[in-house]
Every structure is written in C-alpha cells, then in structure tokens.
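Right, one structure below, let's go through it.
The values are calculated or read from the model by the stated rules, or taken from the named source; none is laboratory data. Only a predicted model underlies this, so the values are computations on that prediction, with no experimental measurement involved. Note that we place each Cβ from the backbone using ideal geometry, even for glycine, and neighbour counts take in every protein chain shown. Protein only, heavy atoms only, side chains kept; ligands, DNA and RNA dropped before computing areas. Shrake-Rupley method; radii C 1.70, N 1.55, O 1.52, S 1.80 Å.
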Amino acid sequence: TTNNLDVTRFAIQEITGHLETDATIWSNSRNKDISKKTKQFIFKALHGAHKIGEFWTNILTYTLLTYEHRARCAHCNEDVESMEHILIDCPNNASSLIWSLAKNTWPLKFGAWPRINLGTETTQPTTRTKEPPDS
C-alpha cells in the first residue's frame, strides 16, 4: 500500500505540481462524483488487492490443483502479471490502442500528455477536477 501511495503521490506531483498527502489521496479516492465501481477499483489498486499475479502463487491447496498458471498474463505470457502490466504495458491487449486514442484526444489546455503508469491511473480522483493553468 505504501509503495502504491508513493507512486500515486509522485504521479499527482508530475501532473499538478503539488505533492499530496496520504490523507488527501484517500479522501479524494472517495469523491462523491466517482462511481462506486471506480472507487472500489482504486481502493484495490492502492492496496494491491486485485486477484492477479502473485496472488495466485500463494494459494495452498490440498488437492492436485495448482493456480500458479493464473499468475501469468493470459495475453502475452508475462511471468508475473501486475495491474500496471494489464492497464499499460501488455503488448497483446487493447491497452496500447486505448492509450493512443486517449493521447490523441488529450486537450492541450491541460498541458503535455502525462507519463502513464499505475500512479496516473490511481490519481484520477485527485487530478480530474483540477482546472488547467491560466494561459
């Protein structure tokens, strides 16, 4: 959780120029204007609680079933899948197309297109309401 909060904090700083506190990040992730599903996604992303990657390597079973194969990316067979891999890095899913389209529609009044990482994904509640700088 601490690492994900730091990644988010520095992504916010890169976009807005302000270094947010943990309390502000948590508070903004519960903004009333954000859908319940989005809030749940952000909460799980910040806590590393999605059932992906290493989650599957730690399951003890008392049968012959194993779940370690689920730790790998189903699209590109990356060794250990992560949320950042799913949303940004996987070359074999639609994420690269989606990010390309998003970049092409980015309003220039908000400045340069930000560097995309997991922190950028979890900053949305904090950065989405920021007004662009005066020109």
Counted residues in the range 68-87 being over 24 Å from Ser100 (Cα atoms) and open to solvent by 60 Å² or more (accessible area, probe 1.4 Å) come to 6
Does the range 2-20 hold any residues that are open to solvent by 70 Å² or more (accessible area, probe 1.4 Å) and closer than 16 Å to Ser82 by Cβ, and which are they? Asn3
Among the residues of the range 1-56, which ones are hydrophobic (A, V, I, L, M, F, W, C) and not in a helix (DSSP H, G or I)? Leu19, Ile34, Ala49, Ile52
Please work out if Asn58 is surrounded by fewer than 11 Cβ atoms within 10 Å (Cβ to Cβ) and closer than 16 Å to Glu84 by Cβ. no
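Being open to solvent by less than 40 Å² (accessible area, probe 1.4 Å) and either more than 16 Å from Thr120 (Cα to Cα) or among the aliphatic types (A, V, I, L, M) (or both) is the filter here, so list the residues in the range 21-30 that pass it.
So the first thing to find is which residues in the range 21-30 are open to solvent by less than 40 Å² (accessible area, probe 1.4 Å), and the list is 25, 29.
Within the range 21-30, Ile25 is the sole residue that qualifies.
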Given the conditions (1) in contact with a Ser or Thr (Cβ under 6 Å, 6 or more places away or on another chain); (2) open to solvent by less than 80 Å² (accessible area, probe 1.4 Å), which single one is not true for Ser96? (1)
